[in-house]
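Structure, as structure tokens:
The values are calculated or read from the model by the stated rules, or taken from the named source; none is laboratory data. As the structure is a prediction and not an experimental result, all values here were calculated from the model. Cβ atoms come from the backbone with ideal geometry, glycine included; neighbour counts cover every protein chain shown.
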Amino acid sequence: MKRLENTVGQLLAAQQQTIACAESCTGGLLTSRLTDVPGSSAYVMGSVVSYTNPVKERIVGVKPATIAAHTEVSAETAGEMAEGIRQLIGTDLGVGITGLAGPGGGSKERPVGLVYIAVAGRWGTKVRENHFHGNRVEIKQQSAEMALHMIVEYLSGGSF
């Protein structure tokens, strides 16, 4: 079975597109998977693990007002992360991931496993709310896998 990171790599290479990632709860797992593919230096331009709000704001470009109004775990923050990393690194695509991997930190309104993933590119910014289940590692893995699915969908026509 072909791994999704290989499919993403083939699509990016065939379309001569580049990608950068801003990852919070995944801690760089998406970028790690993308760079597991030989030749990925042709399309993976960089990544920021924006685990804290100050890094999201100062480096990735999330507006403090966005976090104040919507929190760091929101569709709005994920979208600004994707757009910000795309602009910062100068790539065709930007991916933003923010969420709660647990085991603590969740609430009824924002449970552990709530993860927002955004892909920004020529078709605008698409954001998906996800509710994953499992332990911390499993939620991180599911988040990276979903991000790869979303990148494939985006590169295949821009719709989710």
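Could you tell me how many of the residues in the stretch 94-116 are out of contact with any Pro (no Cβ under 8 Å at 6 or more places or on another chain), without any contact (Cβ under 8 Å) to a residue 60 or more places away in the chain and either of a type outside the set (D, E, K, R) or within 17 Å of THR77 (Cα to Cα) (or both)? Spell out how you get there, then give the answer.
In the first step, residues of the stretch 94-116 are kept if they are out of contact with any Pro (no Cβ under 8 Å at 6 or more places or on another chain); the result is 94-99, 101-111, 113-116.
Filter once more, keeping what is without any contact (Cβ under 8 Å) to a residue 60 or more places away in the chain: 102-111, 113-114, 116.
Adding the requirement that they be either of a type outside the set (D, E, K, R) or within 17 Å of THR77 (Cα to Cα) (or both) leaves 102-107, 109-111, 113-114, 116.
The qualifying residues number 12.
Among the residues that make up the stretch 105-119, is at least one of them among the small types (Gly, Ala, Ser) and crowded, with 19+ Cβ neighbours inside 10 Å? Reasoning before the result, please.
Our first condition is that a residue be among the small types (Gly, Ala, Ser); within the stretch 105-119, this holds for 105-107, 113, 118.
The next check asks that each one be crowded, with 19+ Cβ neighbours inside 10 Å; those that pass are 113, 118.
Yes.
Quick check on this structure: which one of LEU155, LEU93, LEU148, LEU100 is closer than 21 Å to THR52 by Cα and either crowded, with 17+ Cβ neighbours inside 10 Å or of a type in the set (Val, Ile, Thr) (or both)? Before the answer, list the steps.
Details: LEU155 fails: closer than 21 Å to THR52 by Cα; LEU93 fails: closer than 21 Å to THR52 by Cα; LEU148 fails: closer than 21 Å to THR52 by Cα.
Matching residue, one of LEU155, LEU93, LEU148, LEU100: LEU100.
If I go through the stretch 23-66 residue by residue, how many of them are part of a loop (DSSP other than H, G, I, E, B), buried (at least 21 other Cβ atoms within 10 Å of the Cβ) and not hydrophobic (A, V, I, L, M, F, W, C)?
Residues flagged as part of a loop (DSSP other than H, G, I, E, B), buried (at least 21 other Cβ atoms within 10 Å of the Cβ) and not hydrophobic (A, V, I, L, M, F, W, C) within the stretch 23-66 amount to 4.
What residue, among those in the stretch 117-159 that are free of Cβ contacts under 8 Å to residues at least 40 places away in the same chain and aromatic (Phe, Trp, Tyr), is farthest from SER47 (Cα to Cα)?
PHE132
Give GLN87, GLN17 a once-over and let me know the one that is within 26 Å of GLY157 (Cα to Cα), in contact with a strand residue (DSSP E or B) (Cβ under 9 Å, 6 or more places away or on another chain), modelled with pLDDT of 95 or more and exposed (fewer than 15 other Cβ atoms within 10 Å of the Cβ).
On the way: GLN17 fails: exposed (fewer than 15 other Cβ atoms within 10 Å of the Cβ).
Only one candidate qualifies: GLN87.
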